[in-house]
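The values are calculated or read from the model by the stated rules, or taken from the named source; none is laboratory data. Here the structure is a predicted model, which means the values were calculated and not measured. Positions of Cβ are backbone-derived with ideal geometry, glycine not excepted, and every protein chain shown enters the neighbour counts.
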Ligand SMILES: NC(=O)c1ccc[n+]([C@@H]2O[C@H](COP(=O)([O-])OP(=O)(O)OC[C@H]3O[C@@H](n4cnc5c(N)ncnc54)[C@H](O)[C@@H]3O)[C@@H](O)[C@H]2O)c1
């Protein structure tokens, strides 16, 4: 069997003791590694593989697209025929910078196809990535229905050895669950392995994050299986952490929970800054420059939203509960996050005289964060909902997410431009920190409003400059900047 010739340096790989006793393990460039049959199916060729990716959302589509761009043959499967038809035509169901060009290129080069036929896609693949959604249930647990259903379908299509890779964010124990489902429903004793390979991409920079991840985590039942997946990632030349399946599953939740903690910590500091007359921007700069702390995700504002942090924090709290442990820090993180938009609106209402009824309010930004059209758990949804309940008169603008927002609030007054959203309003609320809002002509905004009053939920403007322009400005935790 011809060894693969990918190069990964020993220093880049953190292999757990798990693999130490496995005599075949050779980490230096994998040059001397010969995997146990049946792992390498394309003997004597390059390490290009036939891959199936199930679920073509943010994670599946980007994963499939990148692996095809690296030279593999990728079939992406989705249960939604309309999405599959769109993708086959090279049209994007989601907004993600750079994705459309890459998808089109790989479709044209015949390395990337889309189908609803999971059975055929699995049969023709060596590696199957599960990238379906795991949305939150009422009780905070992730809804595992989609993962279970895909595992069952894979079992029915198992026509030879395959590695099944969980890329969806799933609780510890899911690797075992998927294995048990496949064992239960496969028709013969066809061998397979289940790997955890959590995804860390951020919407808005998904292509870059996937091509240049800080680390690649592979949780596998054996060294030989880990190598199969490592081979796929080898061209990226990024640090790799090889570990067991449960630890890999936990790494994903622990990472997101820690980032959420940084955000809620920054928000708590901001709330205190407002009370004691300090400026959170200065405080965070002072903290973030400490290399032990770091400034990433130490941002005060309206709190975290999106499809990951809210559900992953509650899933980890639930995992802890089920294991008999009370994850107190994380509960507090979630509480702070829920309170943040409420505090923001309380402040808006207070400054505007105690009632928002009939007040004309402009909203800048609808997506849960910039550079995406994803509205899942966006702070705008909650804030607009409350403003509508209080009979405020709302205009809104977002550079990309207005079509997505229309599905939630069809009757809102959507504007062509940020300036239109400000015109004739009593107050302007910044909800998403899109770059284009940072460069607006604030004199024009001021002159077009009934009263120049800005509530900046993302701290994108300079309070001193706003005051000089005659704009009444309220950031989050910025009381100290105006002393
Ligand atoms: N979005 C992110 O930024 C991000 C980042 C890291 C990890 N994750 C995790 O990755 C997973 C997927 O997230 P996403 O944002 O891509 O989800 P998504 O909701 O955008 O996409 C999921 C896709 O799976 C499809 N699907 C559902 N059931 C299916 C089935 N039985 N067969 C085929 N397709 C099916 C859906 O139609 C949908 O297109 C989640 O567990 C999420 O937590 C997401």
Selection from the range 174-201 of residues that are touching a residue at least 60 places away in the same chain (Cβ under 8 Å) and surrounded by 17 or more Cβ atoms within 10 Å (Cβ to Cβ): 174, 175, 197, 199, 201
Per-region count, the range 425-464, residues part of a loop (DSSP other than H, G, I, E, B) and surrounded by 22 or more Cβ atoms within 10 Å (Cβ to Cβ): 8
The range 383-393, residues that are surrounded by 20 or more Cβ atoms within 10 Å (Cβ to Cβ) and either farther than 16 Å from residue 421 by Cβ or touching a helix residue (DSSP H, G or I) at 6+ places or on another chain (Cβ under 8 Å) (or both): 383, 387
The range 198-236, residues that are touching a helix residue (DSSP H, G or I) at 6+ places or on another chain (Cβ under 8 Å) and assigned to a loop (DSSP other than H, G, I, E, B): 198, 199, 200, 201, 202, 203, 212, 213, 220, 221, 222
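Mind checking whether some residue in the range 115-127 is within 22 Å of the chain's Cα centre (by Cα), surrounded by fewer than 20 Cβ atoms within 10 Å (Cβ to Cβ) and either assigned by TED's automatic domain parsing to the domain that holds residue 331 or farther than 12 Å from residue 78 by Cα (or both)? Reasoning before the result, please.
Here is the first cut: in the range 115-127, the ones within 22 Å of the chain's Cα centre (by Cα) are none.
No, the conditions are met nowhere in the range 115-127.
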Residue satisfying all of: in the range 399-423; in a loop (DSSP other than H, G, I, E, B) and touching a helix residue (DSSP H, G or I) at 6+ places or on another chain (Cβ under 9 Å); farthest from residue 369 (Cα to Cα) among these: 423
Number of positions in the range 443-464 that are over 33 Å from the mean Cα position of the chain (by Cα) and within 20 Å of residue 284 (Cα to Cα): 1
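Could you tell me whether residue 417 is more than 16 Å from residue 358 (Cα to Cα) and surrounded by fewer than 19 Cβ atoms within 10 Å (Cβ to Cβ)?
Details: more than 16 Å from residue 358 (Cα to Cα): yes; surrounded by fewer than 19 Cβ atoms within 10 Å (Cβ to Cβ): yes.
Spelling it out, residue 417 is indeed more than 16 Å from residue 358 (Cα to Cα) and surrounded by fewer than 19 Cβ atoms within 10 Å (Cβ to Cβ).
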Qualifying residue in the range 331-338 (condition: outside any helix (DSSP H, G or I), surrounded by fewer than 20 Cβ atoms within 10 Å (Cβ to Cβ) and assigned by TED's automatic domain parsing to the domain that holds residue 461): no
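Going through the range 116-142 one residue at a time, which ones are more than 10 Å from the ligand (Cβ to nearest atom) and within 19 Å of residue 80 (Cα to Cα)?
Let us first name the residues in the range 116-142 that are more than 10 Å from the ligand (Cβ to nearest atom), namely 117, 119-120, 122-129, 137-141.
Across the range 116-142, the qualifying residues are 117, 119, 120, 122, 128, 129.
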